[in-house]
Amino acid sequence: MNHEKQKLVLAEKKAIELFTAIEKRELIQPGKLESELVADIVELAKNDFGITSYWHKKIVRAGANTLCSYTADPPDRRIRDDDIVIIDFGPIFAGYEADIGRTYVIGNDPLKLKLKKDVEYAWHEAKAWFDKQSSLTGAAYFKYCTGLATKYGWEFAGDIAGHIVGHYPHKQLIPDDLGLDIHPGNHHDILQPDKDGHSHHWILELQFVDKVMNIGAYFEQLLN
């Protein structure tokens, strides 16, 4: 494992510990606004984990807002009884980026619980398939991921299915160059090293939705 991968794995480990603490503290409660839960998580992250920096916007979405893609900015919504909730945070640890997304279900609604389970199972299925490839474009992997959503009986909702991650801030391409995203417009081989011979490390993010029932679920973490 190279130095950058070691740092990314450590950053992810700390981020997962934060998400575990969110559950143990029972921060996800009906009656809270999404923005209030964001504030609670930020406070927990600072006080218990020393996290003060994030590399992307902090996302909490509940109910119908779980259908929205990352780029959307839906109105602040109050979490309700029997709701489904998505949390997506990108904390920075020791200069390296983590990116964790999880889904939580308040109550025992079987459809919401199935959606939460399916998107996580699909993530691991997509990783297992990825690990078997010797050549793979971002476009081909995006197509595979959208096909998984259909296989599990849902619709894929994300604008992308992932992106690179690294030392903060990770490198960016010129506008409209999709070479660092798992996107239908990226026809580069995402398994190949960059021009300096360094491997890219990818985040895989899956968002499955049911537009009839107005619910979505999300699972995201380090892919390689």
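What the table below lists for this structure:
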{"item": "Nearest-ten-degree value, helix 138-151 long axis tilted from longest Cα axis of the chain", "result": "40"}
{"item": "Over 26 Å (Cα to Cα) - which of LYS14/LYS127; LYS13/LYS171; LYS24/LYS57; LYS58/LYS151; LYS7/LYS171; LYS24/LYS171 fall in this group", "result": "LYS58/LYS151; LYS24/LYS171"}
{"item": "Normalised alpha carbon radius of gyration of the stretch 3-222 [divisor 2.2 N^0.38 Å]", "result": "1.00"}
{"item": "Mean-position separation - Cα centroids, the stretch 1-67 and the stretch 201-224, in angstrom", "result": "16"}
{"item": "Within a Gaussian network of the chain (alpha carbon springs, distance under 10 Å), most fluctuating of ASN108, ASN186, ASN65", "result": "ASN108"}
{"item": "Relative contact order of the stretch 3-222, pairs being alpha-carbon contacts under 8 Å that are 6 or more residues apart, as %", "result": "23"}
{"item": "Ratio of Rg to Rh over the stretch 75-117 (Cα coordinates, Kirkwood Rh, two decimals)", "result": "1.13"}
{"item": "Cβ charges +1 (Lys, Arg) and -1 (Asp, Glu), total dipole of the chain, debye", "result": "300"}
{"item": "Proxy reagent accessibility, fewest Cβ within 10 Å first, across TYR96, TYR121", "result": "TYR121, TYR96"}
{"item": "Average projected area [Cα convex hull, the stretch 14-129], square nanometres", "result": "7.7"}
{"item": "Dipole axis of the chain (+1 Lys, Arg; -1 Asp, Glu on Cβ), positive-most option in TYR168, TYR121, ILE28", "result": "TYR121"}
{"item": "Choice from VAL212, VAL85, VAL60 with maximal GNM fluctuation in the chain (Cα, 10 Å cutoff)", "result": "VAL212"}
{"item": "Translational diffusion coefficient (Stokes-Einstein; Kirkwood radius from C-alpha pairs) of the stretch 1-51 at 4 °C, 1.567 mPa s, in µm²/s", "result": "107"}
{"item": "Cα-projected label distance for ASN47 with ASP76, points at 7 Å along beta-carbon direction, nm", "result": "2.0"}
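A short reminder: the numbers here are calculations on the coordinates, not readings from a lab. Given the structure is predicted, the values throughout are model-derived calculations rather than measurements. Using ideal geometry, Cβ is built from the backbone for each residue, glycine included, and neighbour counts are taken over all protein chains shown.
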